[in-house]
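Some notes on the structure that comes next.
Every read-out reported here was derived from the displayed coordinates using simple, explicitly stated rules and does not represent laboratory data. Predicted model only: the values in this text are computed from it and were never measured. Quick reminder, even Gly has a Cβ in these numbers, built from the backbone with ideal geometry, and neighbours come from all protein chains shown.
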Amino acid sequence: MFDFPPAVRDTIWITYARLFTKVSVMTLNGSYKVSCMKLVLMLICAVVLSQRSTLLADAPKGALAAFATKRTWSSSSGFSIDAKMVWADATNVKLEKDDGRVVTVPIDKLSDADQGFVEGFLKAEEALAKANSAASDNPFAGGVPAADIDASMRSEPLDDVRGSPKRAGDIPLRKTIVKGVRPISATPGKEFWDVPQLRGFPDVEFQELVLPIDIPKSFHAGLEIRAAGRSGNAVLSVHKGEKDEGFTKFAVVQASTGDVSETLEIPKAWKMMDISADGGLVAAVHMVGWGKGNDVGILQVTGDGIRPKFQFTAGGGAWDELHFVKFLPGNRLLTITQKHTLTIWQLDDAQGVRAIARGNSGGKLWAAISPAGEVMAVVAGKSIAVVDTTKFKLAGYIEREDEPLKMAFSSDGAYLAAYYPFAIDLYSTRDGSLKKTFAIGDNGRDTRLVWTGEHLLVGNVLYNPQTGVPLWTYEGGKFCDTLGNYLFCAFGGEPQSTVTVLRLPHDEALRGADSIDPNNLYCLQPGDTVSVRYQLGGAPAGEQAAIRSAVETKIAELGWEISSSSSVNIEVSLKQGKSDTAEYYTRRGFGPAFFPPGFGPRPSGPAEKVNFTPWTHTFTITADGSQVYNAVRTYGAPQSLSTDDNETTQQAVSKYAKPQANYFKSLLVPPSILRAEYQGGLGKSRLTASGSQ
């Protein structure tokens, strides 16, 4: 609206003050005869001043950012405080203290040095305003600051809970409100896409760091790390114990500066689950047993560390504890319990923590959240449902033939990666279309799937998702989190733990990737031919025929064709082991028989010795003289088994310890297999407390 020079604004301030004084005096004297002109003039002044307050509501930025750094301020009477300036005029200065509170101090109450500091800021502000005014005709002037966090990703400071904690250092309890909760509508239908353009996390640049933290971790303690925010706030936590026993220690590392906060210790074991996108809030779950709990603790990252705010009950009680906790924008939190109840909570409701939406997670204990939290992706049968986290309605639906085991949005919000055995499907978030499918070497349900900038870390292997090229294998680093192109890893130890910050991929991996032809990555793909050789000696003829049939069925499912002249060979073998004996103890009643020591009550029945001969099943693929796939399993006496009616233990064991054609029929084999030299990427590094080696 109005952009007045400082001198004009000061004149408006004085005019407003004089008018306000006259009107106030007239009111106190009982006279309300105020001229319309004065009222209009006051209104104009108020609008201008309110705009000025809005323009300077945040700390000085850009060329004036140096004035917003934290420093020691002193009063003329001798008091001092560490704070940063967030606003100033010719009369007052506003200072933000370490506890997040803002205090307004008259300029004349400051020391001479601090008055000079404020005067320098006001002169610099005036000079900058004149420069901006002179450049108003310059088409290249102005612009939006690069790589700043989107306002929608910011969390607001939370109010303290009134009242004292139950014991020193414990977290105050907030009331949980579940009345009037809205249902989340995610009923799948026909394939469609109405997802808004997703906002991405800005690019960040840090130095690679190795930082010792004065928090020891014993063997039985839990370790977690979460990283977020433009400055690279990484929170390290160590927790030990469960229920009302134990403790948790927290420390905050800032990757942009390398600073480490003092350690916060609170009673009980709180497992850290997530950090908000701006790095301002942390969520942790109070452990009551088996790594689970029902209560969520919210902590706030401050300028000098971290402090607890409150806790609330979000789980459903025994056998329905929390498994997944994730921040959403607008001070909201998403939780999923063991019975797949998905709830979105409003953390800053005046009456308590309020459940505002609730639904089912699609039978999974996780959901994929977009970088700014506008949408979440959940599994719907074998397909993908994308839900708007503000409207609580279905925003997109992708039909699939393979159930995703994990999903992850790229940090720029442009892609959604869906992982299933031995493959990644890459979808565009702009229209929901499938952009690429590429082969990987993992098939486990617990495989890690995270983005590091433009690259995708699947298990321990980093891929270029645009080409499907595996770049590098990074072993180790069990406790890690990603932020942009960086991997934040925590390594426990005594007397100190360590946090490392590493950029992925490193230069060597990028240089090697330039020499790879993406069209020559695979030695075997659907449509290619394979030769098959069997070594089934010793197996009964009927079992051999069943195994051959199972292998041929599997090859057809994978899309390969059998040809004796193929350079890619499959070898299927059976090897009979040495006969042996095993002793079983029967537990009478419900349940199977166990080897001692079993779980639950010790078996009370008599011991029974059985005979068995183990059989080892092998499925190996070689290409160009190198092994590219291998699967081995031995069938012998199982650890435990159930017996049918009128079946002896010997009969039950003999039914298991023999050649199993179904093993080859149900074997998980990737339809596309990378050449041996590309499996695991172009090299291998190990992530350690000393960095990447």
Problem set entry | Packing-based exposure ordering (other Cβ within 10 Å, fewest first) of LEU667, LEU674 | LEU667, LEU674
Exercise. Using 1/(1 + (r/R0)^6) with R0 = 56 angstrom and r between the beta carbons of THR176 and THR553, what's the FRET efficiency to the nearest 0.05?
Worked result: 0.55
Seminar exercise, completed: With DSSP loop assignment and no more than 16 other C-beta atoms within 10 Å, the trypsin sites (Lys or Arg not before Pro) in region 207-295 are LYS243
Seminar exercise, completed: So, with points 7 Å from each Cα along the Cβ direction, the THR467-ASP402 label distance in nm works out to 2.2 nm
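Which order, highest average first, do 370-382, 100-112, 675-687 follow once you tally other Cβ atoms within 10 Å for each residue and take the mean per peptide? Kindly include the intermediate steps, with their values, before the conclusion.
Details: 370-382: 21.4, 100-112: 12.8, 675-687: 17.2.
Per-residue mean Cβ counts within 10 Å order the peptides as 370-382, 675-687, 100-112.
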Problem set entry | Once the Cα gyration tensor of region 516-558 is diagonalised, semi-axes √(5λ) in Å | 31, 11, 6
For this session: Could you check how many percent of all C-alpha pairs in region 296-359 are farther apart than 14 Å?
Result: 59 percent
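By per-residue mean of other Cβ atoms within 10 Å, what is the highest-first order of 496-502, 402-408, 563-569, 576-582? It would help to have the intermediate numbers written out before the result.
Values: 496-502: 22.0, 402-408: 19.7, 563-569: 13.4, 576-582: 11.9.
Highest-to-lowest ranking by the protection proxy: 496-502, 402-408, 563-569, 576-582.
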Exercise. What is the dipole size for region 305-366, taken about its Cα centre, with +1 at each Lys and Arg Cβ and -1 at each Asp and Glu Cβ, in debye to the nearest 20?
Worked result: 120 debye
Problem set entry | Two-site label geometry, ASP112 and SER565: point separation in nm, points 7 Å out along Cα→Cβ | 9.9 nm
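Find how much the distance from GLU475 to THR618 grows on full extension, using 0.36 nm per residue of separation minus their present alpha carbon separation; answer in nm with one decimal.
On the way: separation 143, 0.36 × 143 = 51.48 nm, distance 2.69 nm.
Separation in residues times 0.36 nm, less the Cα-Cα distance, equals 48.8 nm.
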For this session: Can you give me the P(r) profile for region 346-503? Cα pairs, bins 5 angstrom wide beginning at 0, each as a whole percent.
Result: 2, 8, 17, 19, 18, 14, 10, 7, 3, 1, 0
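Average projected area of the Cα convex hull of region 525-674, in nm²?
The orientation-averaged projected area of the Cα hull of region 525-674 comes to 11.1 nm².
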Problem set entry | Segment ASP507-THR263, extension gain: residue separation times 0.36 nm, minus the distance between their alpha carbons | 84.4 nm
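Using a Förster distance of 45 Å, how high is the FRET efficiency between GLN207 and GLU245, based on the Cβ-Cβ distance and rounded to 0.05? Mind dumping the intermediate values first?
Details: r = 40 Å, r/R0 = 0.88.
After rounding to 0.05, the efficiency reads 0.70.
Could you compute the FRET efficiency for ASP580 and ASN520, with r as their C-beta to C-beta distance and R0 at 51 Å, rounded to 0.05?
Numbers: r = 48 Å, r/R0 = 0.94.
Computed FRET efficiency for ASP580 and ASN520 comes out at 0.60.
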Exercise. Taking θ as phi - 60°, what are the ³J(HN,Hα) couplings along region 472-478 by the Karplus curve (6.51, -1.76, 1.60), each to the nearest whole Hz, with x for Gly and Pro?
Worked result: 6, 9, 10, 7, x, x, 5
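What number results when the radius of gyration of region 287-418, computed over Cα atoms, is divided by 2.2 N^0.38 Å? It would help to have the intermediate numbers written out before the result.
Numbers: Rg = 15.5 Å, N = 132, 2.2 N^0.38 = 14.1 Å.
Against the compact-globule rule of thumb, the ratio is 1.10.
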Problem set entry | Nitroxide proxy distance, nm - points 7 Å out along Cα→Cβ at THR69 and TYR656 | 6.9 nm
